[in-house]
């Protein structure tokens with residue numbers, strides 16, 4: 001393959017990845033709690049935030065919590081736990097370094113899918129290992145109680161609001177790609193007409209140069 005063909009090949013790859021919308025591990029939100037009255041709350045060493053919710057679907061496999069690293073690099077990790085509200089033992093527990101958090105985004109805590117969950121109440125917790133001044137991440141918290149089926153607690157005390165979070169369900173890859181693709185085409189048909197035309201042009205040029 002000549003230099004020109006290689007260049008066109010890489011251009012095709014770049015265009016493809018620019019068009020492709022990242023998906024959250026083939027997960028789709030089935031519950032999303034947010035508010036116009038969100039504020040950042042620090043998570044310091046041994047702080048434990050707890051949030052309850054009622055599963056709106058029969059099966060789910062991740063909880064996303066809206067977080068921020070406060071625009072700096074922090075050296076800490078959070079412990080995440082989840083269980084059914086009436087159970088004594090935790091269903092799943094994991095540790096995540098907060099350096100992976102993106103400011104203002106939902107960080108996904110995944111776990112083995114919970115089955116037969118519809119209508120049941122669940123609790124998740126996050127706990128900081130060594131958060132301290134100028135070395136901590138924060139959660140987003142809604143001062144307004146926007147979610148009547150759940151409550152937020154800090155160190156065992158009811159806060160009167162809710163964490164900003166989402167619950168995710170696994171979605172078949174082919175269904176996710178199909179619905180997401182059609183949605184994007186519908187929203188910006190001119191954009192897709194231009195870029196698909198560019199892709200086809202580059203593709204045929206690449207084939208021509210290879211066969212030449």
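With r defined as the distance between the Cβ atoms of residue 132 and residue 204 and R0 fixed at 41 Å, what FRET efficiency is calculated, to the nearest 0.05? The calculated FRET efficiency here is 0.10. Length gained on full extension, residue 28 to residue 70: 12.5 nm, using 0.36 nm per residue less the C-alpha separation. For segment 27-170, the Kirkwood hydrodynamic radius from C-alpha pairs, put into Stokes-Einstein at 20 °C and a viscosity of 1.002 mPa s, yields a diffusion coefficient of 142 µm² per second. Placing R0 at 41 angstrom, the Cβ-Cβ distance between residue 44 and residue 120 gives a FRET efficiency of 0.85 after rounding to 0.05.
Read the figures in this text as sums done on the coordinates, not as results from a lab. Everything numeric in this text was worked out from a predicted model, so none of it was measured. Cβ coordinates were reconstructed from backbone atoms using ideal geometry, including for glycine residues, and neighbour counts include every protein chain displayed.
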